[in-house]
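The values are calculated or read from the model by the stated rules, or taken from the named source; none is laboratory data. Note that the coordinates shown come from a computational prediction; the quantities given were computed from them, not determined experimentally. With ideal geometry, Cβ positions are generated from the backbone for all residues, glycine too; neighbour counts draw on all protein chains shown. Just so you know, the surface numbers come from the protein's heavy atoms only, side chains and all, with ligands and any DNA or RNA stripped out. Shrake-Rupley method; radii C 1.70, N 1.55, O 1.52, S 1.80 Å.
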Amino acid sequence: MSDGLAHSAARGATVTLTAQGGRIVLQLLSIIVLSRLLSPHDYGLLTIVLVMIGIGEIFRDFGLTSASVQAPELSRGQRDNLFWINTGIGVALASLMYLAAWPLQAISGQPELLGIAQTLALMFVFNGLATQYRAQLMRSLRFVALAVSDIAAASLALIVAIAAAGLGLGYWALVLQQLTSGFVLLACLVLHGRWLPRWYSRTAPVRALVVFGWNLVATNLISYGASQIDTILVASRFGTTSVGVYNRAYQLVMTPLSQMRSPLTNVALPVLSRIQHDRERFDAFVVGGQLALGYCFGIPLLLVAGLADPLVQILLGPQWTQAAPFLRCFAIAGLLSTLAFVGYWTYVARGLAHQLFRYTMVATVIKVVCVVTGSFFGLEWIAIGFMVAPALEWPLSLYWLSRITPFPARSLYGGAFRILAVAGTMGVVAWAGSMLVPHAGPWAQIGVGVGLAVIEAAVLLVVRPLR
């Protein structure tokens with residue numbers, strides 16, 4: 001049983017990462033093709049509406065995906081009831097979005113936003129209907145079905161958008177892309193799920209699941225607000241040009257990291273939820289998960305930190321050299337936040353949503369204090385504050401969890417320091433290697449830096465605990 005579950009977890013992680021890689025490729029293809037067919041104004045209109053949808057989506061899910069996956073047992077009646085709750089929330093949010101389109105149009109002065117917002121309100125309905133189908137596939141460890149659904153939705157949506165843009169429909173091509181993605185994803189999940197919900201039944205209690213979900217909603221709202229504090233400070237104190245540089249560096253590191261790291265939660269939660277009462281196996285999976293995340297993401301991130309200068313020249317161009325220090329800070333912050341990522345899995349898998357909310361409040365205060373303090377010393381110090389915050393948070397997170405639930409904090413501390421030792425020395429060696437050929441061009445600097453880092457990693461394999 002243990003080997004079978006471990007195999008399912010490994011297979012699920014592989015499938016999920018492969019699918020996510022495919023989605024990232026489709027996103028890049030969408031940007032490359034559609035940006036040549038549509039104007040920045042078209043994208044700007046959609047962005048305004050998607051910000052509203054993004055906030056609404058936190059409420060639409062209501063944490064019930066995680067609640068369904070985490071529950072040790074979930075009856076057919078409870079699943080049906082959760083379906084109707086998510087659908088009801090989706091319909092309510094769609095109605096609010098439809099009505100909010102008029103004041104949004106008036107405030108923005110963009111008449112096109114009325115039609116865009118009212119049409120995209122349908123996304124809440126699609127996503128509300130799909131929530132429990134996705135949760136059920138996650139709970140059943142059917143990661144291939146999830147991957148196929150995601151890729152099919154993204155691919156068909158891109159085809160529709162390109163065709164619409166080619167016909168001269170302008171921003172409606174982007175609207176159709178969103179709607180096609182939502183509808184196709186819903187259809188695929190329903191086909192793979194193979195169940196139809198019955199009417200809501202009071203005999204199947206869901207109060208505990210809803211309370212669990214509400215704590216996740218509150219946590220996600222706080223996290224969303226905290227994630228915007230640095231951008232707000234940069235915009236208010238240093239102007240739009242600085243925001244552009246700061247945001248471009250952030251997008252290069254944190255967005256791909258989030259897109260690759262967060263979907264692994266879809267694999268981890270159902271696996272950990274199944275063994276939440278078997279401490280030995282749970283601890284082994286958590287420790288193994290941290291090492292897998294830390295090495296797979298930590299080494300590339302600290303190579304990015306060491307080679308930030310030539311990478312910025314290649315990816316953004318020589319006019320963006322100011323972004324290099326930010327890129328370095330974000331890469332280090334990405335690794336530090338990854339070290340504590342298994343803590344989030346533990347909170348959710350063991351149903352500790354209220355404790356997660358309390359810890360998130362503390363972590364938010366730490367981040368705000370670090371970033372605001374940094375802002376008094378200059379623009380780069382905001383990024384340094386962004387980096388210092390997870391350095392303080394991850395050891396606190398592990399200690400916090402060890403005080404409220406059985407948790408292998410000591411093993412995780414040891415694993416984290418091994419990850420930091422390997423990734424850190426590789427990053428330093430890569431930086432030193434790039435400095436050996438400062439005038440050879442960015443590609444040569446990266447080649448030399450990565451080459452020396454790989455040799456150094458091979459030497460580290462001699463050390464048994466690291467190997």
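Listed values, structure above:
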item: Scope region 28-42; condition part of a helix (DSSP H, G or I) and either at pLDDT 70 or above or open to solvent by 70 Å² or more (accessible area, probe 1.4 Å) (or both); matching residues; result: LEU28, LEU29, SER30, ILE31, ILE32, VAL33, LEU34, ARG36, LEU37, PRO40, HIS41, ASP42
item: Tally, over region 71-123, of residues that are aromatic (Phe, Trp, Tyr) and without any contact (Cβ under 8 Å) to a residue 24 or more places away in the chain; result: 2
item: Test result for MET387, at negative phi, buried (at least 22 other Cβ atoms within 10 Å of the Cβ) and not polar (S, T, N, Q); result: yes
item: Test for LEU412: is it out of contact with any His (no Cβ under 6 Å at 6 or more places or on another chain) and either open to solvent by less than 50 Å² (accessible area, probe 1.4 Å) or closer than 21 Å to PRO300 by Cα (or both); result: yes
item: Elements of type helices (runs of 4 or more DSSP H) contained in region 90-174, each with 3 or more residues being of a type outside the set (S, T, N, Q), under 17 Å from LEU191 (Cβ atoms) and modelled with pLDDT under 85; result: 122-139, 143-166
item: Some residue of region 56-78 being closer than 15 Å to LEU269 by Cβ, charged (D, E, K, R), open to solvent by less than 40 Å² (accessible area, probe 1.4 Å) and in a helix (DSSP H, G or I); result: yes
item: Tabulated pairs, region 317-341, first more than 27 Å from GLY288 (Cβ to Cβ) and open to solvent by 40 Å² or more (accessible area, probe 1.4 Å), second assigned to a helix (DSSP H, G or I) and of a type outside the set (Asp, Glu), C-beta under 6 angstrom, 6+ apart or interchain; result: TRP320/VAL312; GLN322/VAL245; ARG328/ALA305; ARG328/ALA308
item: Matching residues in region 213-226 - criterion: being over 19 Å from the mean Cα position of the chain (by Cα) and open to solvent by less than 20 Å² (accessible area, probe 1.4 Å); result: none
item: Among the residues listed as LEU216, LEU252, LEU221, the single one being modelled with pLDDT under 75, in a helix (DSSP H, G or I) and closer than 22 Å to GLY385 by Cα; result: LEU221
item: Residue tally, condition of a type outside the set (S, T, N, Q) and open to solvent by less than 40 Å² (accessible area, probe 1.4 Å), over region 169-186; result: 9
